[in-house]
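Report on one structure; see the data block that follows.
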Amino acid sequence: MLVSLLISLAIATFAIYVSFNARDEIVQIGAAIVAILCLFLSLIFAPTLIKLLIVVALLLSGKPTINTQGNNEIGLNSKSVY
């Protein structure tokens, strides 16, 4: 599984590079789609510990909240100090 993970991440990295450096728009779109698919595949191939670390990082990063003060803004709660 580790080899599959590394191959998928390598393809995604190359596709992102091509997406940013291509001159044709259709090539950029195709490379971006390939990169997204490979990144999702890398999540499937990743070991359980890495998946748990991703989930914990997402949970600790902040939760989107809806402001009910009447101005319909969506904010992001964060524990960092600005």
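Within the stretch 42-52, take every residue that is among the hydrophobic types (A, V, I, L, M, F, W, C), modelled with pLDDT under 90 and part of a helix (DSSP H, G or I) and give me the one that is surrounded by the fewest Cβ atoms within 10 Å (Cβ to Cβ). Of everything passing the filter in the stretch 42-52, ILE44 is surrounded by the fewest Cβ atoms within 10 Å (Cβ to Cβ). Note on the stretch 44-58: residues that are within 15 Å of ALA10 (Cβ to Cβ) and among the aliphatic types (A, V, I, L, M) amount to 1. Looking across the stretch 14-41, the residues that are β-branched (Val, Ile, Thr), under 16 Å from the mean Cα position of the chain (by Cα) and surrounded by 13 or more Cβ atoms within 10 Å (Cβ to Cβ) come down to ILE16, VAL34, ILE36.
Looking at ILE74, is it hydrophobic (A, V, I, L, M, F, W, C) and modelled with pLDDT under 75? Yes, satisfied.
The values are calculated or read from the model by the stated rules, or taken from the named source; none is laboratory data. Worth saying up front: this structure is predicted, and the values here are computed from it rather than measured. Glycine also receives a Cβ, built like all others from the backbone with ideal geometry; neighbour counts cover every protein chain displayed.
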